[in-house]
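S.K.: Take this structure, written in structure tokens, and hold onto it; I'll ask about it next.
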């Protein structure tokens, strides 16, 4: 041992050199081994199953975050869901008439107002915007549930409704309604005219 | 293990949620609807109302089959309205004509309206007629009143005010025919304005000396 302690660098260098020397391998044998290893790659569904079955710390953390987020989302949705007994205000009359030129269709600025204090979002859908809930979102400037939007409409008869929280089809309860024989849920009717 | 089952639930939640939100699919991806849209282009009727009808159906939670039936019916009525209202003045005129037909107004009424109003856009008049029929006024009575007003050359604003008045009176409890009588007397007693006179009989105007 004393002898080794006297010459540590020399011994370690010799050991490293010995270990670094790899035995010669046959290229064909190496290729065959690699091919077999590749062939043993598990199917994606098996990999997912192994991942689910084997405990791992990052996955557990991800699960915890996702579960908390899901719980918070559902709790929030339950809090803001519309409840029966909400009052809605019928659309106000036209406030402004825009005439671009005699040949162009005249458009009347028409304001829609609805009182839905428990709603998180309200959209106006109708024939005039292709029943697209993303086209005309209402705003609640006071924050007290009085939702409003102003749209330009040609004079005439227009069918419309509100979509509350992206899910609930809500005809305007204070405007005349009309049954829908095609799909069963009533629409509201607005008769728009120039002043 | 429970945690991993939970993550599967999280991953599936958007799928379940999308079903309950009545999302509107890509309409063109449904072959039956794509066929109806292409047919509309070939027949020269506007496609936008058909797309809107499909979107309305999906938004209301209807099945694809039911949406297809509704779109097909509207398409057929639009073709019928286009023929009855020829020469049509605007795509919306065809749509309003189709809606009137769907409420039971026969195409002969549309033809009669066009005969007397060759150049006037009947979009508003047809909307008012539809509204009257929807409010349970007998179709022929409603058509007669609207035709009388058209022949008198009333403006669209007066027509809409008339329809809205009848609508309001019925909501207030009046019988539909009584509401119609009261409101039509009010409109027909109005003096004819210069524009109304011109629309009624432009050939009778005497040129200034």
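S.K.: Can you tell me how many residues within region B:71-99 are buried (at least 16 other Cβ atoms within 10 Å of the Cβ) and part of a loop (DSSP other than H, G, I, E, B)?
M.R.: 3
S.K.: Right, next: Of all residues in region B:50-70, how many are under 16 Å from the mean Cα position of the chain (by Cα) and either surrounded by fewer than 21 Cβ atoms within 10 Å (Cβ to Cβ) or at the interface with chain A (Cβ under 7 Å from one of its Cβ atoms) (or both)? Break it down stepwise before answering.
M.R.: Of all residues in region B:50-70, those under 16 Å from the mean Cα position of the chain (by Cα) come to B:50-54, B:56, B:70.
Narrowing the set further to residues that are either surrounded by fewer than 21 Cβ atoms within 10 Å (Cβ to Cβ) or at the interface with chain A (Cβ under 7 Å from one of its Cβ atoms) (or both) leaves B:51-52, B:56, B:70.
Residues in region B:50-70 being under 16 Å from the mean Cα position of the chain (by Cα) and either surrounded by fewer than 21 Cβ atoms within 10 Å (Cβ to Cβ) or at the interface with chain A (Cβ under 7 Å from one of its Cβ atoms) (or both): 4 in total.
S.K.: For residues that are closer than 29 Å to residue A:183 by Cα, crowded, with 17+ Cβ neighbours inside 10 Å and away from chain A (no Cβ under 13 Å), tally how many sit in region B:102-129.
M.R.: So the answer is 3.
S.K.: If we scan region B:119-137, do we find a residue that is at pLDDT below 90 and outside any helix (DSSP H, G or I)? Working first, answer last.
M.R.: The initial filter retains those residues of region B:119-137 that are at pLDDT below 90, namely none.
No: zero hits.
S.K.: Also: Considering only region B:134-173, state which residues are under 20 Å from residue A:179 (Cβ atoms), within 11 Å of chain A (Cβ to nearest Cβ) and surrounded by 14 or more Cβ atoms within 10 Å (Cβ to Cβ).
M.R.: Passing the criteria: B:134, B:135, B:163, B:164, B:166, B:167, B:168, B:170.
S.K.: Can you work out which of the residues in region A:164-191 that are at the interface with another protein chain (Cβ under 7 Å from one of its Cβ atoms) and part of a strand (DSSP E or B) is farthest from residue B:99 (Cα to Cα)?
M.R.: By that ranking, first place goes to A:169.
S.K.: Counting only residues that are touching a residue at least 40 places away in the same chain (Cβ under 8 Å) and under 21 Å from residue B:59 (Cβ atoms), which one in region A:128-154 is nearest to the other protein chains (Cβ to nearest Cβ)?
M.R.: A:153
S.K.: Another one. State all residues of region B:83-92 that are touching a helix residue (DSSP H, G or I) at 6+ places or on another chain (Cβ under 7 Å) and modelled with pLDDT of 95 or more; if no residue qualifies, say none.
M.R.: Those that are touching a helix residue (DSSP H, G or I) at 6+ places or on another chain (Cβ under 7 Å) and modelled with pLDDT of 95 or more: B:84, B:85.
The values are calculated or read from the model by the stated rules, or taken from the named source; none is laboratory data. None of the values given here were measured: they were computed from a predicted structure. Positions of Cβ are backbone-derived with ideal geometry, glycine not excepted, and every protein chain shown enters the neighbour counts.
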